[in-house]
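Note sheet for the following structure.
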Amino acid sequence: MNIDATACKEEFCRLLRSTERPGVDDVISDLERDGFFEAPASAGHHLNVAGGLAQHSIFVCKASLKVWEGLCQLDPVLEKEVQRDSIIIASLLHDVCKTDIYFRSVKKRKNQLGQWEDSEGYKVSYKSFPMGHGEKSVIMVLLSGLELSDAEMLAIRWHMGAWGVNQNSFEECRNYDTARQLYPLVAIVQAGDSLAAAVLERSAGDIDDL
Ligand SMILES: [Fe+2]
Ligand SMILES: [Fe+2]
């Protein structure tokens, strides 16, 4: 998938500012400073190119909004229970933890003829702030000065769903389950993240590699 990093940055900022939430400009400044808009979404899988992280965040936002709109048709109460701006904030910012973990590198890779060749890619290092995944995103957003509701914090914290839960920890399983039951935003953003990665961001190369 070709990505226009400049266009992604503009769309990301437009969506985030559409919430009119105090503090979003401070978040954008910190993301610019830290390289969010040039970062890939992964080292070797979905959207592993510059601008991929912003593109992924936009896909998650759009998928989450569609999920919410569809659910509101089934249960109109949801329109009051979950605010549109909360979906935008939590989905756009769920993966800011990835801003500083990818570094450009050259790897050896076999081409279709079975010959080894250099392939530009990314390596991963967590040394700048080894705090975890969703929990790191929450902390980064708060440190930038954007206030988050409990629902928004929990939606960002648990956006990986069961994949991000330590199944050996009773406490963690209960926290995750309680967050999902209390706040529909948690399941909505989780669904948006899963749908973006598994459906919207698939490439022919990904399917070849299966
Ligand atoms: Fe994530
Ligand atoms: Fe994600």
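Details
- Looking only at segment 60-81, and only at residues there that are surrounded by fewer than 22 Cβ atoms within 10 Å (Cβ to Cβ) and among the hydrophobic types (A, V, I, L, M, F, W, C), the one that is nearest to the chain's Cα centre (by Cα): LEU65
- Answer from LEU154, LEU142 - the residue that is without any contact (Cβ under 8 Å) to a residue 12 or more places away in the chain, aliphatic (A, V, I, L, M) and in a helix (DSSP H, G or I): LEU142
- Residues being closer than 13 Å to ALA90 by Cβ and within 16 Å of ligand 2 (Cβ to nearest atom) - total across segment 161-192: 8
A quick yes/no check of all residues on (1) assigned to a helix (DSSP H, G or I); (2) among the aromatic types (Phe, Trp, Tyr); (3) in contact (Cβ under 8 Å) with a residue 60 or more places away in the chain:
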| position | (1), (2), (3) |
| --- | --- |
| HIS46 | no, no, yes |
| VAL49 | no, no, no |
| PHE59 | yes, yes, yes |
| VAL67 | yes, no, yes |
| LEU71 | yes, no, yes |
| GLU79 | yes, no, no |
| ALA90 | yes, no, yes |
| SER105 | no, no, no |
| GLU117 | no, no, no |
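- Checked across segment 37-47, the condition of being surrounded by fewer than 20 Cβ atoms within 10 Å (Cβ to Cβ) and away from ligand 1 (no atom under 16 Å from the Cβ) holds for at least one residue.
- Scanning segment 73-96 for residues that are within 16 Å of ligand 1 (Cβ to nearest atom) and among the small types (Gly, Ala, Ser) turns up ALA90, SER91.
- Flag for SER86 being more than 16 Å from ligand 2 (Cβ to nearest atom), under 18 Å from VAL141 (Cα atoms) and either among the acidic types (Asp, Glu) or in a helix (DSSP H, G or I) (or both): yes
- For LEU93, the conditions (1) crowded, with 17+ Cβ neighbours inside 10 Å; (2) farther than 19 Å from LEU195 by Cα; (3) in contact with a helix residue (DSSP H, G or I) (Cβ under 9 Å, 6 or more places away or on another chain) are fulfilled apart from (2).
- Residue in segment 175-184 that is under 22 Å from SER86 (Cβ atoms) and part of a loop (DSSP other than H, G, I, E, B) present: yes
- Residues of segment 200-210 satisfying the condition of being touching a Phe, Trp or Tyr at 6+ places or on another chain (Cβ under 9 Å) and part of a helix (DSSP H, G or I): LEU200
- Among the residues of segment 181-210, those that are among the polar types (S, T, N, Q) and either over 15 Å from the mean Cα position of the chain (by Cα) or modelled with pLDDT under 95 (or both) comprise GLN181, SER203.
- Segment 176-210, subset away from ligand 1 (no atom under 16 Å from the Cβ) and of a type in the set (Gly, Ala, Ser), residue nearest to LEU65 (Cα to Cα): SER203
- Screening the candidates SER144, SER137, SER128, SER105 for the property of being within 26 Å of ARG33 (Cα to Cα), in contact with a Leu (Cβ under 9 Å, 6 or more places away or on another chain) and away from ligand 2 (no atom under 15 Å from the Cβ) yields one hit, SER144.
- Residue in segment 150-159 that is touching a Leu at 6+ places or on another chain (Cβ under 6 Å) and under 23 Å from ALA198 (Cβ atoms) present: yes
The values are calculated or read from the model by the stated rules, or taken from the named source; none is laboratory data. Since the model is a prediction, treat every value here as computed from it, not as a measurement. Glycine also receives a Cβ, built like all others from the backbone with ideal geometry; neighbour counts cover every protein chain displayed.
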